[in-house]
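The structure under discussion appears below in the form of structure tokens.
The values are calculated or read from the model by the stated rules, or taken from the named source; none is laboratory data. Bear in mind that the values here come from a model prediction, so they are computed numbers and not experimental data. We place every Cβ from the backbone using ideal geometry, glycine too, and count neighbours over all the protein chains shown.
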């Protein structure tokens, strides 16, 4: 029987032994990421100025960290104390990185500088959560907010899709699948307010700016 402690750091961590353990932790990781992701979406809907706040930026960066870690758990890898977004991204299998890169809208990324600019942005955002939660200590900061918004949108779609696929292969019914959420939820919110830039006519652009149901994942309308 597990005992829970009010002294938070004294609570036990889950054991990771079986494939089900890893998939369950991945699903929990996505659920936790969703809480930060949805928090930003709800806040932006009520006050668009929050989009460029340290609170929203740090929440988006932390949600990215959690979604990236979910991929590692799904592949029976333990991210341990890895937090930097670029290190987590580099630890993914090439197939997953390719899928993320292909789906990411890259709305305001200079096309002539891709893919280098994409990887540069991940490196520049690598400590987003760590740094921006102490934004009050900075004289100021510069960042590409649209990129991290698109990244968290993209990671959420791919992580949820792959987690559902993993759950179906597990012989258990105790793992809860990720909840259904609108595709590119944050980017669509900004586009609806006329605050979104897209230099490409990608499949993601069709969803974000034109509201067209995607053929990205034909069997899944919302994740």
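Could you check the stretch 45-65 and list, in sequence order, the residues that are free of Cβ contacts under 8 Å to residues at least 12 places away in the same chain and surrounded by 14 or more Cβ atoms within 10 Å (Cβ to Cβ)?
Initially, the stretch 45-65 is screened for residues free of Cβ contacts under 8 Å to residues at least 12 places away in the same chain, giving 46-47, 49-50, 53.
Hits for the stretch 45-65 are 50, 53.
Among the residues of the stretch 99-117, those identified as closer than 25 Å to residue 77 by Cα and either under 14 Å from the mean Cα position of the chain (by Cα) or touching a residue at least 12 places away in the same chain (Cβ under 8 Å) (or both) are 99, 100, 101, 103, 104. Taking the conditions exactly as written (out of contact with any helix residue (DSSP H, G or I) (no Cβ under 6 Å at 6 or more places or on another chain) and either at pLDDT below 90 or farther than 29 Å from residue 47 by Cβ (or both)), does residue 203 satisfy them or not? Yes.
Residue 150 meets the conditions (1) within 21 Å of residue 31 (Cα to Cα); (2) free of Cβ contacts under 8 Å to residues at least 12 places away in the same chain in every case but one. The failed one is (2). Do we find that residue 221 is at pLDDT 90 or above and either farther than 22 Å from residue 51 by Cα or surrounded by 18 or more Cβ atoms within 10 Å (Cβ to Cβ) (or both) in this structure? Spelling it out, it is not the case that residue 221 is at pLDDT 90 or above and either farther than 22 Å from residue 51 by Cα or surrounded by 18 or more Cβ atoms within 10 Å (Cβ to Cβ) (or both).
Considering 42, 17, which residue is free of Cβ contacts under 8 Å to residues at least 12 places away in the same chain, farther than 17 Å from residue 154 by Cα and within 18 Å of the chain's Cα centre (by Cα)?
Details: 17 fails: within 18 Å of the chain's Cα centre (by Cα).
So the residue among 42, 17 that is free of Cβ contacts under 8 Å to residues at least 12 places away in the same chain, farther than 17 Å from residue 154 by Cα and within 18 Å of the chain's Cα centre (by Cα) is 42.
Can you pull out the residues in the stretch 84-98 that are free of Cβ contacts under 8 Å to residues at least 60 places away in the same chain and crowded, with 16+ Cβ neighbours inside 10 Å?
84, 85, 86, 88, 89, 91, 92
Within the stretch 168-197, if we keep just the residues that are crowded, with 20+ Cβ neighbours inside 10 Å and touching a residue at least 60 places away in the same chain (Cβ under 8 Å), the residue that is farthest from residue 108 (Cα to Cα) turns out to be 178. Taking the criterion of being surrounded by 14 or more Cβ atoms within 10 Å (Cβ to Cβ) and not in a helix (DSSP H, G or I), the residues of the stretch 123-135 that qualify are 125, 126, 127, 133.
For residue 138, the requirement of being surrounded by fewer than 17 Cβ atoms within 10 Å (Cβ to Cβ), over 20 Å from the mean Cα position of the chain (by Cα) and modelled with pLDDT of 90 or more is not met. The set of residues from the stretch 20-38 being more than 12 Å from residue 70 (Cβ to Cβ), touching a residue at least 12 places away in the same chain (Cβ under 8 Å) and within 17 Å of the chain's Cα centre (by Cα) comprises 36, 37, 38. Tell me which of these residue 81 doesn't satisfy, since it passes every other one: (1) modelled with pLDDT of 95 or more; (2) closer than 16 Å to residue 29 by Cβ. Going through the list (1) modelled with pLDDT of 95 or more; (2) closer than 16 Å to residue 29 by Cβ, residue 81 breaks only (1).
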